[in-house]
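One structure below.
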Amino acid sequence: MTLMLASVQNRQEAEIVLQAGADIIDLKDPARGALGSADIRQITDVVGFVSGRRPVSAACGEFSGDPAALRARVEEVAATGVDFVKIGFLPPHRIAAGVEALADIAGRKRLIAVLFADHRYEESVMTSFAKAGFYGIMLDTNDKSKGRLLDHMPPDEISDFVDEGRRHGLMTGLAGSLEAPDIPRLLPSMQHKGKPDFLGFRGALCKDLARNGDIDAEATGKIRALIPGGRPVEKPASASLELLAARGYFPGTADDSLGTDQIFVRDFVLPVDIGAYRFEHGKPQKVRFDVTADVLRVTRDPKDMHEIVSYDLIMDGIRSLVSHGHVDLVETLAEQTAAFILENPRVARVVVRVEKLELGPGGVGVQIERKRESARSSNPLRVVSSADGGRKAG
């Protein structure tokens, strides 16, 4: 289950996110940067207020290259009684020196190392944290003016980060100016791996996404409702009780009387390693994807992300599939695309068209239709004719 981490500045904001059902309450000062350290008095006040009802974490800022100063700050924050202490590590500072300075503290406190997707690190960096006894690893963004986490890394690379963290025995988290539409992309129902232990939010919980502003109860409720398996609200919230109770990306049971909607992706072109001929190996070709999915409805008037199926999930899935290596046949790629879309419990039927665009005039490829009730349907593949009237596939 993925938890919701809500970053707050003070006790008043902590009360709002606690009532909304946040799983982890995190202290930071957003005016001091991505991982700005909160005032010790604010941290102590929130720890006392929460009183064990939720885990509490606190940011220590970023390692500046001074191991002694880092150690002193971590000890100071840990002494407040927080459950987790978050430390940012930015290259080219001596990350190894910082990790070494905290090794004995990691044996008695739960330390979370925060890396930043808008920077590049040595491949061994995660191994260093694991060997030093860190409890977890988190991926964030450092410069909030240059985009969200998904602007710097595609979902499949983020999934790889999470999987690597798990292989090292680390709790894993994702943050970085995440907004409501990002949540289903990071927690797709058809993805059996790469789900983080928690997602972290600040700006999305504030009115108008202003991360330096105050936490807004309604905005927090909308984010909470998009993350399945959350805690119950602390007490009734008159602003959005129904929304807070939803608790899942696929709430309730679809109503057959509402019928289906069609979501589609048109003219989605990617370079793909595809082709059965020898000359096609090692030379990516442009491939166009057209996908239409019949989606079961859960309401007549959708207003929030948890009431719809996002077309971003289709594009993210296709990107992930083509990143796995060479595929001989367009038929194979079409079947894989249809299969992952149908793993979404709201999708009843999908039509997938895959065209290779660099073999002669026009496109050549295949179009298939698959349904949930007969995923292995005997419906024949329909070969799409090329522009010159020939018939090709593969």
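Selection over segment 294-327 of residues that are touching a helix residue (DSSP H, G or I) at 6+ places or on another chain (Cβ under 7 Å) and farther than 30 Å from Asp273 by Cα gives a count of 7. Checked across segment 133-144, the condition of being surrounded by fewer than 21 Cβ atoms within 10 Å (Cβ to Cβ), assigned to a helix (DSSP H, G or I), at pLDDT below 95 and out of contact with any strand residue (DSSP E or B) (no Cβ under 8 Å at 6 or more places or on another chain) holds for at least one residue. From the list Arg266, Arg300, Arg278, Arg319, the one residue that fits, being within 26 Å of Leu186 (Cβ to Cβ), loosely packed, with under 14 Cβ neighbours inside 10 Å and not assigned by TED's automatic domain parsing to the domain that holds Ser159, is Arg266.
On inspection, Thr292 passes the criterion of being polar (S, T, N, Q), more than 22 Å from the chain's Cα centre (by Cα) and in a strand (DSSP E or B). Output the residue which, of all residues in segment 47-73 that are touching a Leu at 6+ places or on another chain (Cβ under 6 Å) and crowded, with 24+ Cβ neighbours inside 10 Å, is nearest to Asp140 (Cα to Cα). Selected residue: Ala59. Could we say that Asp118 is in contact with a Pro (Cβ under 8 Å, 6 or more places away or on another chain) and crowded, with 16+ Cβ neighbours inside 10 Å here? Criteria not met by Asp118. Residues that are in contact with a helix residue (DSSP H, G or I) (Cβ under 8 Å, 6 or more places away or on another chain) and in a strand (DSSP E or B) were ranked within segment 328-354; the one that is surrounded by the fewest Cβ atoms within 10 Å (Cβ to Cβ) is Arg353.
The values are calculated or read from the model by the stated rules, or taken from the named source; none is laboratory data. Computed from a predicted structure; not experimentally measured. Glycine gets a Cβ as well: all are built from the backbone with ideal geometry, and neighbour counts include every protein chain shown.
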